[in-house]
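Asks: The structure under discussion is supplied below as structure tokens; questions concerning it will follow.
The values are calculated or read from the model by the stated rules, or taken from the named source; none is laboratory data. Keep in mind it's a predicted model, so treat the numbers as computed, not measured. Note that we place each Cβ from the backbone using ideal geometry, even for glycine, and neighbour counts take in every protein chain shown. The area values use the complete protein model at the heavy-atom level, side chains included, leaving out ligands, DNA and RNA. Shrake-Rupley method; radii C 1.70, N 1.55, O 1.52, S 1.80 Å.
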Number of protein chains: 2
Amino acid sequence: MAAGDVGAIDGGWVASRDGVIVATGRDDAWERLELTPSAPILDAGGAVVMPGFVDPHTHLCYAGHRWDEFVARRSGADYLAVLERGGGIHATVRATREATDDALLGNLRARLLTAGVLGTTTIEVKSGYGLEPDEELRQLRLIARARADSPIDVAPTYLALHALPTQRAEDRKAFILAAAKAVAIVAAEGLAEAVDAFVEKGVFEIDEVRPIAKAAREAGLAITLHADQLNDVGATEFAARMKARSADHVANASADGLRALARAAIPAVLLPGSAFFVGYAAPDARRFLTANVPIAIATDHNPGTSPLVGMPAAIALAVTLCGLTPHEAIVASTINAAHALGRGERTGALVKGRRTDLVILATDDERELAYGLGAPLVVATYAAGTLIQGLQRSVDQE
Amino acid sequence: MAAGDVGAIDGGWVASRDGVIVATGRDDAWERLELTPSAPILDAGGAVVMPGFVDPHTHLCYAGHRWDEFVARRSGADYLAVLERGGGIHATVRATREATDDALLGNLRARLLTAGVLGTTTIEVKSGYGLEPDEELRQLRLIARARADSPIDVAPTYLALHALPTQRAEDRKAFILAAAKAVAIVAAEGLAEAVDAFVEKGVFEIDEVRPIAKAAREAGLAITLHADQLNDVGATEFAARMKARSADHVANASADGLRALARAAIPAVLLPGSAFFVGYAAPDARRFLTANVPIAIATDHNPGTSPLVGMPAAIALAVTLCGLTPHEAIVASTINAAHALGRGERTGALVKGRRTDLVILATDDERELAYGLGAPLVVATYAAGTLIQGLQRSVDQE
């Protein structure tokens, strides 16, 4: 099934067995299915039933927050300046390294559950707040533990180059070499499906990312990149040359970069949350669509630049800030996002053979996702056919 | 109690009787209260307990939606141009006039309940999609019915001048005269606490609003204005001269306008939702704070320019787009918003003698409201001491 097709049916139904969609149809045709006598029948009462959201770019594994930094940035400090002062990501690295395994795991599990309650059934989770390989491996092992009992499907990514550790300032080459070596360990332990790097002016250059990408390829892992977020450094073209799984951010990708993505059919993952919170111009979706680049959207949830929670808010921001139509945003947050995680045949559409990943909305018009910012629209989320039960939200009464 | 003080207590508690706060304190001092034996004790477990939100500017009573218009605007049509073509508000006026009483009332009740579930305990609701006085009275009577059984406190406003009905194009003076006459009927029937008008270039001029303001004063109703939203037309100064209850929007208010509000201690109600969705520059909160103008914030929920739902999203937008700090935004959405509705002594703070209007958050840090855009942070809302139960959100199982 191609990117762009979510399998929409007016007045439709979905039949599921063992977490997999076994049939779909419209109107009363379901009555001719041979159901087992105990099969439950759920009536959504005319409400929208749609594929579960796929969030293809998150940094969910971290401790602490950096809310003070948001206030500082508004007083004029830009993100790269905050970074150079040892704030920004380095504050989260410190907090994450200092947190116990139990604390990190508790945070991560709670965030996965919240994502599920808000309709996400597949989510990418990056490491990246350890920086040193040993700390990155610790995070990936915690992500693996959370993944094992997560109600939603977790796609782990080793973010090998996120920032240079402050104590490595004189030692860039050795640091990059160590990160490249860690890729083989990550692959051997099955800790990640992909390897990521932050390619940006003043962060990491393309030539520095090359050994990481090479190691990923040799280890059989996919490549994905933080590309051209704040400046065009040619990272989008590089992503295409590396046959990356996706090129993410891309707010400042050049026309050549877009042509390269289109030729290689690589999805651009747009992240309007960071544009909104940091205050830079969000990527213009029309540029990508005109260039035939498939678009996915993600929360980019992270404590420093996109504290956004859940895909409905990401959809609303993508529509208003990037200029997607509501239906384009739904495609971008389901089937296209599944493709961006190499899961284009597994989820993202309500068609036979996919996982029964679906969401029921409190509306009969899915466009409300795009405009009802803040509305509690997700009534129920089923991941592989199982209802995700939210945290106990009532207060104790003695 | 002054604007700006919400009565914050670290490790605090609140005691309520008959919907009114009878005591507050910290730590274990509540054990010395003489409780009735059956009094329930709720333990929020260290989570934030804060005053219920006050949403001081909404247009909740309408039928239909105008989502297509958002896409059109993005293609270059500006709001006043859409209006001139008979789109914009006129589309909602048609849909609202055509809707049955039951349909309008059902919509309105559902929206009030959703607002309550999201933490709002007091809300302003304007008429304004009838335009002709008879239709406006119909809407106000429906608002009165919804108010009578609403779980949250509803402050109704007669929006007397919102747009000139298309069939009245040759007849401005007669239309305005009829609206001014309707003010007395509204007051006699107790249908509104305040009268509002949209003062804007190409909509209504100050001289046209004067008879409405005069009628409001004579009828003992408060005045509030949509002032200087898109252009500075001197409406903010006019609001101050009229001793308005609040001046709303004010994104383009002049320095003189701000000085006039400060002198009269009139709150400016900032509406970041419409700035976000329409794409104009949101009001800069620092300008108002520096000028000593009390700031309130509101959703401005309406189908055309701010489909935003609930105060948590309004807070997040106000912090990022208007530059409020998280704590300033909380003050702006509670005690200051209560002042903007003439309820500064009734709600908006957790202090003895106020209504027991409170919200329990799923966090121990209230600043998460400002940054966790999309997060389901409101665990429970109590309006006058009664828990607001949400709509049945589960799906029917046969």
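Asks: If A:Thr120 meets every condition in (1) within 14 Å of chain B (Cβ to nearest Cβ); (2) touching a His at 6+ places or on another chain (Cβ under 9 Å); (3) closer than 21 Å to A:Asp248 by Cα apart from one, which number is that one?
Replies: Only one criterion in (1) within 14 Å of chain B (Cβ to nearest Cβ); (2) touching a His at 6+ places or on another chain (Cβ under 9 Å); (3) closer than 21 Å to A:Asp248 by Cα is unmet by A:Thr120, namely (2).
Asks: Taking A:Glu34 as meeting all but one of (1) modelled with pLDDT under 90; (2) charged (D, E, K, R); (3) within 29 Å of A:Arg111 (Cα to Cα), write down the number of the exception.
Replies: (3)
Asks: Among what's in the stretch A:29-45 and is open to solvent by less than 60 Å² (accessible area, probe 1.4 Å) and in a loop (DSSP other than H, G, I, E, B), pick the residue that is farthest from A:Tyr382 (Cα to Cα). Break it down into steps so the answer makes sense when it comes.
Replies: Step one: filter the stretch A:29-45 for residues open to solvent by less than 60 Å² (accessible area, probe 1.4 Å), giving A:29, A:33, A:39, A:41, A:44.
If we keep only those that are in a loop (DSSP other than H, G, I, E, B) as well, we get A:33, A:39, A:41, A:44.
Working: A:Leu33: 21, A:Ala39: 16, A:Ile41: 14, A:Ala44: 13 Å.
By that ranking, first place goes to A:Leu33.
Asks: Looking at (1) open to solvent by 30 Å² or more (accessible area, probe 1.4 Å); (2) touching an Asp or Glu at 6+ places or on another chain (Cβ under 7 Å), find the lone condition where A:His57 falls short.
Replies: Checking A:His57 against (1) open to solvent by 30 Å² or more (accessible area, probe 1.4 Å); (2) touching an Asp or Glu at 6+ places or on another chain (Cβ under 7 Å), the one that fails is (1).
Asks: Same structure again: Can you confirm whether A:His59 is touching a His at 6+ places or on another chain (Cβ under 7 Å) and within 25 Å of A:Ala318 (Cα to Cα)?
Replies: yes
Asks: Say we look at the stretch A:148-167 and pick out the residues that are touching a residue at least 24 places away in the same chain (Cβ under 8 Å) and open to solvent by 40 Å² or more (accessible area, probe 1.4 Å); which of these is nearest to A:Asp196 (Cα to Cα)?
Replies: A:Thr166
Asks: Right, another one. Among the residues of the stretch A:176-192, are any more than 22 Å from A:Glu135 (Cβ to Cβ), more than 19 Å from the chain's Cα centre (by Cα) and open to solvent by 10 Å² or more (accessible area, probe 1.4 Å)? Write out each step before concluding.
Replies: Looking only at the stretch A:176-192, we keep the residues that are more than 22 Å from A:Glu135 (Cβ to Cβ), and these are none.
No, the conditions are met nowhere in the stretch A:176-192.
Asks: Is one or more of the residues making up the stretch B:17-34 small (Gly, Ala, Ser) and within 27 Å of the chain's Cα centre (by Cα)?
Replies: Scanning the stretch B:17-34, I find at least one residue that is small (Gly, Ala, Ser) and within 27 Å of the chain's Cα centre (by Cα), so the answer is yes.
Asks: As an exercise: evaluate B:Gly342 against (1) within 10 Å of another protein chain (Cβ to nearest Cβ); (2) within 29 Å of B:Ile223 (Cβ to Cβ); (3) open to solvent by 10 Å² or more (accessible area, probe 1.4 Å) and give the number of the one condition it does not meet.
Replies: (1)
Asks: Which members of the stretch B:29-59 meet the condition of being closer than 24 Å to B:Ile297 by Cβ and out of contact with any Ser or Thr (no Cβ under 9 Å at 6 or more places or on another chain)?
Replies: Restricting attention to the stretch B:29-59, the residues satisfying the condition of being closer than 24 Å to B:Ile297 by Cβ are B:47-59.
If the condition is that a residue be closer than 24 Å to B:Ile297 by Cβ and out of contact with any Ser or Thr (no Cβ under 9 Å at 6 or more places or on another chain), then B:Val49 is the only one that fits.
Asks: Also: Mind telling me which of the residues B:Arg73, B:Arg26, B:Arg94, B:Arg17 ends up being more than 13 Å from chain A (Cβ to nearest Cβ), open to solvent by 20 Å² or more (accessible area, probe 1.4 Å) and under 19 Å from B:His301 (Cα atoms)?
Replies: Details: B:Arg73 fails: more than 13 Å from chain A (Cβ to nearest Cβ); B:Arg26 fails: under 19 Å from B:His301 (Cα atoms); B:Arg17 fails: under 19 Å from B:His301 (Cα atoms).
The conditions single out B:Arg94.
Asks: Within the stretch A:114-147, track down each residue that is without any contact (Cβ under 8 Å) to a residue 24 or more places away in the chain and within 30 Å of A:Ala362 (Cα to Cα). Can you show your working first?
Replies: The first filter runs over the stretch A:114-147 and keeps only residues without any contact (Cβ under 8 Å) to a residue 24 or more places away in the chain, leaving A:134, A:147.
Within the stretch A:114-147, A:Arg147 is the sole residue that qualifies.
Asks: Oh, and also: Quick check, is B:Pro267 away from chain A (no Cβ under 14 Å), open to solvent by less than 30 Å² (accessible area, probe 1.4 Å) and under 25 Å from B:Ser75 (Cα atoms)? Walk me through it before giving the result.
Replies: Details: away from chain A (no Cβ under 14 Å): yes; open to solvent by less than 30 Å² (accessible area, probe 1.4 Å): yes; under 25 Å from B:Ser75 (Cα atoms): no.
No, not satisfied.
Asks: Mind listing just one residue for me: the one in the stretch B:44-101 that is over 22 Å from the mean Cα position of the chain (by Cα) and among the hydroxyl-bearing types (Ser, Thr, Tyr) and, of those, modelled with the highest pLDDT?
Replies: Residue satisfying both the conditions and the ranking: B:Thr100.
Asks: Restricted to the stretch A:241-259, and to residues that are open to solvent by 10 Å² or more (accessible area, probe 1.4 Å) and small (Gly, Ala, Ser), which residue is farthest from the other protein chains (Cβ to nearest Cβ)?
Replies: Filtering the stretch A:241-259 for residues that are open to solvent by 10 Å² or more (accessible area, probe 1.4 Å) and small (Gly, Ala, Ser), the one farthest from the other protein chains (Cβ to nearest Cβ) comes out as A:Ser254.
Asks: Here is a further query. Any idea which of (1) surrounded by fewer than 22 Cβ atoms within 10 Å (Cβ to Cβ); (2) touching a residue at least 24 places away in the same chain (Cβ under 8 Å); (3) not in a strand (DSSP E or B) is the one B:Gly348 doesn't satisfy?
Replies: Condition (1) is where B:Gly348 drops out.
Asks: Taking the options A:Asp364, A:Asp396, name whichever one is at pLDDT below 95 and at the interface with chain B (Cβ under 7 Å from one of its Cβ atoms). Before you say what the answer is, go through the steps one by one.
Replies: Numbers: A:Asp364 fails: at the interface with chain B (Cβ under 7 Å from one of its Cβ atoms).
None of the other options fit; the residue is A:Asp396.
Asks: Here's another thing I want to ask about it. Give the residue that is nearest to the other protein chains (Cβ to nearest Cβ), with candidates limited to residues of the stretch B:351-361 that are crowded, with 22+ Cβ neighbours inside 10 Å and in a loop (DSSP other than H, G, I, E, B).
Replies: So the residue we want is B:Thr356.
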